[in-house]
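Each remark here refers to the structure printed beneath this line.
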Amino acid sequence: MSKDSQMRAAINQKLIEMGERERLKELLRAKLVECGWKDQLKAHCKDVIREKGLEHVTVEDLVTEVTPKGRALVPDSVKKELLQRIRAFLAQHATL
């Protein structure tokens, strides 16, 4: 395991232990709904199903097709806010 992987694992573990990971997930959900991301992604899913036909689309196909678009649609402001919160958390709990 590389040093980078070890650091990521340690940070993730600390976020989980302190309950911060769940708080961040809830914040992310709220921000994505607020900015219309959820509705945009839902519309994209419907488009993909219409194009390919309901009988020809599996859940795995839909996930593969929609994931890149979903990631691209997340506003930079939401990404920045989440990153800022993670950095603030790490600054407060710098004993990793």
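Once the Cα atoms of helix 59-73 and of the chain are each reduced to a long axis, what angle between those two axes, in degrees from 0 to 90 to the nearest 10, is obtained?
Value to nearest ten degrees: 60.
Cα-Cα pairs above 18 Å in the chain: how many percent?
Numbers: 2723 of 4560 pairs.
For the chain, the fraction of Cα-Cα distances above 18 Å is 60 percent.
Between E26 and A43, how many nm apart are label points set 7 Å from Cα along the C-beta direction?
3.0
Would you work out the charge dipole size for the chain about its Cα centre, treating the Cβ of every Lys and Arg as +1 and the Cβ of every Asp and Glu as -1, and quote it to the nearest 20 debye?
On the way: 19 positive and 15 negative charges, 79 e Å.
Charge dipole, the chain, about its Cα centre: 380 debye, nearest 20.
Mind checking which of E65, E51, E81 has the largest fluctuation in a GNM of the chain, springs on alpha carbons under 10 Å?
Ranking E65, E51, E81 by mean-square fluctuation puts E51 first.
Do you know the relative contact order of the chain, to the nearest whole percent, from alpha carbon pairs under 8 angstrom that are 6+ apart? Don't jump to the answer; show the numbers that get you there.
On the way: 29 pairs, mean separation 34.6, N = 96.
Contact order relative to length: 36 percent.
Could you state the number of Å between the C-alpha centres of segment 1-59 and segment 72-96?
15
Provide the per residue accessible area, probe 1.4 Å, for the chain, rounded to a whole number of square angstrom. Walk me through the numbers on the way to the answer.
On the way: 7430 Å² over 96 residues.
Spelled out: the 1.4 Å probe surface of the chain, per residue, equals 77 Å².
I'd like the carbon and sulfur percentage of the solvent accessible area for the chain, probe radius 1.4 Å, heavy atoms only, ligands and nucleic acids excluded. Let's see the in-between values first.
Numbers: 4050 of 7430 Å².
Within the chain, the accessible surface is 55 percent carbon and sulfur.
The values are calculated or read from the model by the stated rules, or taken from the named source; none is laboratory data. As the structure is a prediction and not an experimental result, all values here were calculated from the model. Virtual Cβ from ideal backbone geometry, glycine too; neighbours counted across all protein chains shown. Protein only, heavy atoms only, side chains kept; ligands, DNA and RNA dropped before computing areas. Shrake-Rupley method; radii C 1.70, N 1.55, O 1.52, S 1.80 Å.
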